[in-house]
Amino acid sequence: EACAIPCFFTHRSFRGLGLQAQLLEAAAAWAAEHGARLLEGYPVEPPRDRVDDAAGFHGFASTFAARGFEEVARRTPTRPIMRRFLG
């Protein structure tokens with residue numbers, strides 16, 4: 001069984017505080033508790049330092065990688081598909 005993380009929403013005043021990493025960990029814990037064997041996400045890997053707000057809703061590949069996700073495919077240059085196996 002698998003769970004997917006399609007996007008995040010963080011109010012502007014709370015961005016940059018590390019909430020995305022905390023949400024990824026909470027999603028992994030919830031998914032594992034409910035029998036999922038893997039968690040998949042579809043973050044962005046921006047070609048520049050600044051990303052518009054709409055692109056950021058998907059999360060950032062660097063944050064996923066730091067939380068144990070591995071890239072398994074890439075359909076476009078900026079959109080990896082990343083997975084984390086739950087143990």
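Taking K and R as +1 and D and E as -1, what net charge do the other residues with C-beta under 13 Å from the C-beta of LEU39 add up to?
Around LEU39, the surrounding residues sum to -1.
Before I look further, what does the chain give for accessible area per residue, probe 1.4 Å, in whole square angstrom?
It amounts to 65 Å² per residue over the chain.
Scanning the chain for trypsin sites (Lys or Arg not before Pro) in DSSP loops with at most 13 other Cβ atoms within 10 Å, what's the longest stretch left with none?
Result for the longest clean stretch: 51-87.
What is the sum of charges around GLU71, taking Lys and Arg as +1, Asp and Glu as -1, for the other residues whose C-beta is under 12 Å from the C-beta of GLU71?
The answer is +2.
Determine the percent antiparallel among the DSSP beta bridges restricted to the chain, to the nearest 5.
For the chain, the DSSP antiparallel bridge percentage is about 65.
Treat every Asp and Glu Cβ in the chain as -1 and every Lys and Arg Cβ as +1, leave all other atoms uncharged, and give the resulting dipole magnitude about the Cα centre to the nearest 20 debye.
In debye, rounded to 20, the chain gives about 180.
Using a 1.4 Å probe over the heavy atoms of the protein chains, calculate the carbon and sulfur portion of the accessible area of the chain as a whole percent.
Solvent-exposed carbon and sulfur of the chain make up 56 percent of the total.
Non-local amide H neighbours of ILE5 (under 5 Å, H modeled in plane, Pro and chain starts lacking H): which ones?
Hits under the 5 Å cutoff: GLU40, GLY41, TYR42.
Which of the chymotrypsin sites (Phe, Trp or Tyr not before Pro) found in segment 9-87 are loop residues per DSSP with 11 or fewer other Cβ atoms within 10 Å of their Cβ?
Loop-located and lightly packed - PHE9.
Mind listing the long-range amide H neighbours of ARG74? Cut-off is under 5 Å, sequence gap 5 or more, other chains count too, H placed in the peptide plane at 1.01 Å from N.
Residues meeting the criterion, in which the H sits 1.01 Å from N, are ILE81.
The values are calculated or read from the model by the stated rules, or taken from the named source; none is laboratory data. This is a predicted model, so every value here is computed, not measured. In this analysis, Cβ positions are derived from the backbone assuming ideal geometry, glycine residues included, and neighbour counts consider all displayed protein chains. These area figures cover heavy atoms from the full protein model, side chains too; ligands, DNA and RNA do not enter into them. Shrake-Rupley method; radii C 1.70, N 1.55, O 1.52, S 1.80 Å.
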